[in-house]
Structures are given as C-alpha cells and as structure tokens.
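Engineer: Please read through the structure below; I'll follow up with questions.
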Amino acid sequence: MIVDLKQFIEGERAIWEELDKTLSKIENDPLFRLTLENAERLHYLYERTGAGLIKISTFAAEPNLVHSLEALLARAYAELREGRSRKEKLSVRAWLSQTFPQTFRRHFHFFLTSVALTIVGALFGGAAVGFDPDAKAAIAPFPRLLQDPAARVKEEESKVNPVLAHSRGQFSAALMTNNIRVSILALALGATWGIGTVILLLYNGIILGAIICDYVRAGQSVFLMGWLLPHGVIEIPAILIAGQAGLLLGQALIGWNSSEDVSQRLRSIAGSLVTLITGTAILLVWAGLVEAFFSQYHEPILPYSFKIAFGLAEFVVLVIYLAAAGSRSSASDD
Amino acid sequence: MHRYTFTIRTAEGISFAQRLAGPVTRLLALSVDLAAIGVISQLLGQFVMITSIISPDAALAVRTVSYFVVSIGYSIFLEWTWRGQTLGKRVLKIRVIDAEGYRLRPAQIVIRNLLRIVDALPLLYAVGGVCCFVSKKYQRIGDFAANTIVVYVAAESIPNLELLFRGTYNSLRSHAHLAAQLRKMITPQQASLALEAITRRDELQPNSRLELYRQLAEHLRSIVRFPDESLEGLTDEQYVRNIVDLIYRPSA
C-alpha cells in the first residue's frame, strides 16, 4: 500500500513550513520567548509532523522526505524538551561581579585541592634543589633560570633599561597566550579523570619550589619577591583556578558521591567550567601586562619595596574579590 | 559496535534517527577548518603588520594575540553562530548536536573546542581519532565531555513531485485498473527505490543510469504487465518515470 505522496505533501506542507519558520525564529534569536499560545501551537505542529513521519515511514518509504521530517522533528524536540531557560543578554558587569566569584566559591574545595597539589610539588622541587643544586638543570623550564641568582640580580640591576624594553608588547602577548594555553591544558587534562591536571599542578609546583629555593639559598629573597609578586600573585592563582576546573571535570567523570549518570554530571558542570576558564583567561591577561610592563623593571629604576607592596595590594584585592564579590546576591546560574 | 545512527524515541511514540558522522568525514571537515584558520591567520597577520609603521612592537603583539584568538576562537565562534557548524562541517554537511537531543548550549560548544588540546595529543589528533573509532557514538574526548555528537545534516528540501513530472504525458495512466493493481502490489521499498532513481537521475553516470533503469524497468514489468501498445516507444527511463508517477500521484 502506497500513500498518495503528492496529496500527503500538499496537505502537510503548510504545517512543516510553519514549524520550520517557528523553529528558525527561536534558534536565530536567543532572546526570543514563546507565549503560552505560541508554545501550544509549536507542540501541535511537532505532534502533527511526528504523526506525518510515522505515516510516511510506514507506507511510503520516501527517504528524502523521511530525512527532512526527522531533521525538522529533531530541532523541534530540542526546543520543546529543553527545560533550561534561555539566557538573558550577557551582562559583563554581572558576570564579573557575581557569576565568576560565585562559581569559584561553589567549587572551592577543588581550588583547595589545586593549592595543596601545587604546595606538595613546591616542597618537592624546593627539597630537590636544596639537597642537590644540580637538579635545577633538570627542573627549570627556561635557560634563564639556570643562571646563578646572584649573578642575575647583579646583571638586572646594572641595566638602564630591561632586556625587553623595546618589545614589551610582544613579550606581554607571548606571556598571555602561553599562560592561557597552559590553563586550557590544565582544564582539558581533567578529561583524563583528573590525572593529567594533578600531574600538571604538581609539575608547576615543582618548578616554583625549585626557583624559590634557589633564590632564597643565594640570599636574593627580596629580588625574588620584587620580581615574582607583581605578576605571580595573579598568574599563580589563575593557573590554580584552571586546575580547579580540571579537577571539577575529573570529578564529574569519576562521579564520586553522585547518583547521577555521567552525562547528567557533565551537563551540570558545563557552565562552571566555561566560567572558571574565562575568569582564568582574564586574570592572565592582566598578569601578562604586569609581567612585561612592570615586573621586568628592578632597582634602581623601581624600588623592590614598591614592587612588593604593589604585588601584595593586588593579592589582597584578588582575595577580597573572589571571597566576597556577589555574596549578597543569590547564586547565579552559569 | 557502532550504531551509525542516533535515534530519539519520544514519549509520544515518535522515533526519529540522525546519521552519525564517522571519523573520516570529521577528519576531512577538520582539514578544511585548519586550512581556513591558516588563511584567516595569514590575512589577519598581514593586515596587522601594516600598522607596524606606527609601532612594530604593538603590531607584533597584536599579531601574536590574533593568531591565538583565531586558532582557539574559530570553531567556537562559527559553531555558535552557525548552529553547530564550521566551514569544514558545512562543506561536509555535518553538524554538532546535543547527545540527548537537547538544544546545543554555548557552554557545550566552548568545552568541546577547548578540549581539542587533549584530542590533538600527542600529534595529528591521535587521541581524538582513536576515541572516535572506539566510541559508540563516534565521540572524541571533547564531545564526550561536552555531551555532543556530530551528525549528517539531512537534505532539508521536501521533494516536489509536481516539478518532477510537470508537462510529461503518461501513457500508462489510461489503464486505471492496472495502475490500481500496481499500487496494491508494489512494496514501499520497491516504490522508494524507483522514486530515488528518478529524483537522483543527474547524480548517475550515463552508462550506470542506463543499466539501472533497465534493471528497474524489468523488475517493475514483472509486477504488473501493461498492454504493449501503451509501452510503444517508451525507453526504460520513461517507463520507470511513468510507474513512479502512477504510484505517487494517483490523483494527478
């Protein structure tokens, strides 16, 4: 038995076209809201098209038409089944003052884990260089860090202009992009059930610990603080937040203490992951600017006390921001 | 075992399927996208370097940031604005959708694209490629974390039989009783095959087309035999076309 395809298409075409038009309107305008009447009509169009699909699949077996209707129904189904509300227009101010700090606090235990892993790595790196100074060659990622700290301080303080005085912009851009890439890696490695993120945080800690130990042993603690604090107080927490996102992803994949299935868990953290990594990127842009345009200037051009005070002030502002911003308003759905 | 199709069964008893895009198609789409990223980066780089007359340092800084933004943001921006498609995916007629049929969310697009950094490890998308092959839904790690799948985009057009048969005389239409018998005896699959052979005529090579219509006509003649005088001068293709016309447009 074959359906009179011509008659069938003629009878239903208006319904399909109306459904397609309604869906296009919804899909192309993120702020479009259905009235109750519109929603009822959309549901009717969806059911009618579904009934048409059943009829055509059973009797006529016309593959192109079946595929067209299936594609149309898949779009309608996505809109009708979607329980989450459409986003209001993105407000940068609301995102910065509420969404990011609230998301950070909501997953604070992963940030603490991130900090703990970095400290463990730093202790290991510090101990390695402390007991065996030659270990620095194996740990330090940049040749510049292999230099004797006292010799480097002497060299830096004898310059009228820093090494990169004429390419600070380029240096800053390279720092930002490299650090953001590392942060994305810290998040993405969460897909290895968090193992990759753990290794990355430990490794970062080892490098940090080795450098700190090397400079402290050489009696250059003040130079170290003046050099690292202005950008490090932002850069290090930013990487830790990226690690927090990676550990969050890892936990969602493992599913400890959760009765939800993995796809539900991943769905529920998607917004948080994007918020955390976006916040990280913003912090790293600032850190890159400070490192290129401020951190590279040493005494006698800039007193270390000023640089250290600047770094500490930044740190206090960051802590207050992450701890308190948006705490009076209700938690936003990211 | 791959399922090849992604099927949604709704509470209303409607079931619809979408064909999953395999690793090879996706690799081809990725190649197009990488080429597009290369071209955009080059053009942007050259444009930015014009400003080096004013400040070489600023120009190089902007170029470094531009390369980075394009390489990371290309897929995110296009999948966001083109509802799950990039240039490569458009060329290959595939699309990213939610793995459970929900609306695709911006956060999912961002996550699946940021996780490319892991899928691309250690080189040439080896991790992503292997995951895609072993996954039931052809998902790479980014797809898995973002709850997305990639499907073929179905032909959106609804077939217009009026255009297909407009202005043609059907000599078989005068035998109403035989046409009714044909409609009763032919299976939907046989009818569908004949219709596809007509609608996709121009996609076939001339020799293959002749052979296909010959075999189809022979098979269709075995279902119902029309009088010889109405078949006089009809090629195999015209015969198949007339049969399809009788089946799908009985009231024409």
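Just so it is clear, none of the values below were taken in a lab; they were calculated from the coordinates. Treat the numbers as computed from the prediction; the structure is a model and nothing was measured. Cβ placement follows ideal geometry from the backbone for every residue including glycine, while neighbour counts extend to all protein chains displayed.
Engineer: If you fit an axis through the alpha-carbon atoms of helix A:36-55 and take the longest principal axis of the Cα set of chain A, what angle between them do you get, 0 to 90°, nearest 10?
Structural biologist: Orientation of helix A:36-55: about 70 degrees from the principal axis.
Engineer: Right, something else. Using 0.36 nm times the number of residues separating residue A:97 and residue A:38, minus their current alpha carbon distance, what extension gain do you get?
Structural biologist: The span from residue A:97 to residue A:38 would gain 17.7 nm if fully extended.
Engineer: Further question on the same structure: Got a sec? Which residues in region A:212-237 would a label at residue A:312 touch, if it sits 7 Å along Cα→Cβ and we count backbone N under 18 Å?
Structural biologist: Output list for this probe position: A:221-234.
Engineer: Moving to a separate point now. How would you rank A:183-192, A:18-27, B:83-92, highest first, on the average number of other Cβ atoms within 10 Å across their residues?
Structural biologist: Going by the mean number of other Cβ atoms within 10 Å, highest first, we get A:183-192, B:83-92, A:18-27.
Engineer: Please give the Cα centre distance for region A:213-291 versus region B:191-252, rounded to the nearest Å.
Structural biologist: Spelled out, the Cα-based centre of one part sits 67 Å from the other.
Engineer: How tilted is helix A:195-217 with respect to the longest principal axis of chain A? Cα atoms for both, answer in degrees (0 to 90, nearest 10).
Structural biologist: Here the helix axis deviates by roughly 20 degrees.
Engineer: Divide by every residue of chain B the summed helix terms, -39500 (n - 2.57) for each DSSP H run of at least 4, and state the resulting mean residue ellipticity at 222 nm, rounded to the nearest 500 deg cm²/dmol.
Structural biologist: -18000 deg cm²/dmol
Engineer: Follow-up question, since we're still on this one. Taking a cut-off of 24 Å between Cα atoms, list the lysines near residue A:307, but don't count ones fewer than 8 places away on the same chain.
Structural biologist: Within the straight-line cut-off, residue A:307 pairs with A:154, A:159.
Engineer: Right, here's the next one. Can you pull the mean other chain C-beta count within 10 Å for peptide B:57-66?
Structural biologist: Going residue by residue through B:57-66 and averaging, the value is 6.
Engineer: Still on this structure, I have one more. Calculate the spin-label point distance for residue B:126 paired with residue B:91, positioning each point 7 Å from the Cα along the beta-carbon direction, and give it in nanometres.
Structural biologist: 2.6
Engineer: Further, regarding this structure: Please compute the Kirkwood hydrodynamic radius of region B:165-234 from all pairs of different C-alpha atoms, in Å with one decimal.
Structural biologist: By the Kirkwood definition, the hydrodynamic radius is 13.4 Å.
Engineer: What does the convex hull of the alpha-carbon atoms of the protein assembly as shown project to on average, in nm²?
Structural biologist: 34.7
Engineer: Would you kindly work out the equivalent ellipsoid of chain A from its C-alpha gyration tensor and give its semi-axes, the square roots of five times the eigenvalues, largest first in whole Å?
Structural biologist: Largest first, chain A gives 56, 21, 19 Å.
Engineer: While we're looking at this one, here's another question. In deg cm²/dmol, rounded to 500, what helix-only [θ] at 222 nm does chain A give when every DSSP H run of at least 4 residues adds -39500 (n - 2.57) and the total is split over its residues?
Structural biologist: Mean residue ellipticity at 222 nm (helix-derived): -24500 deg cm²/dmol.
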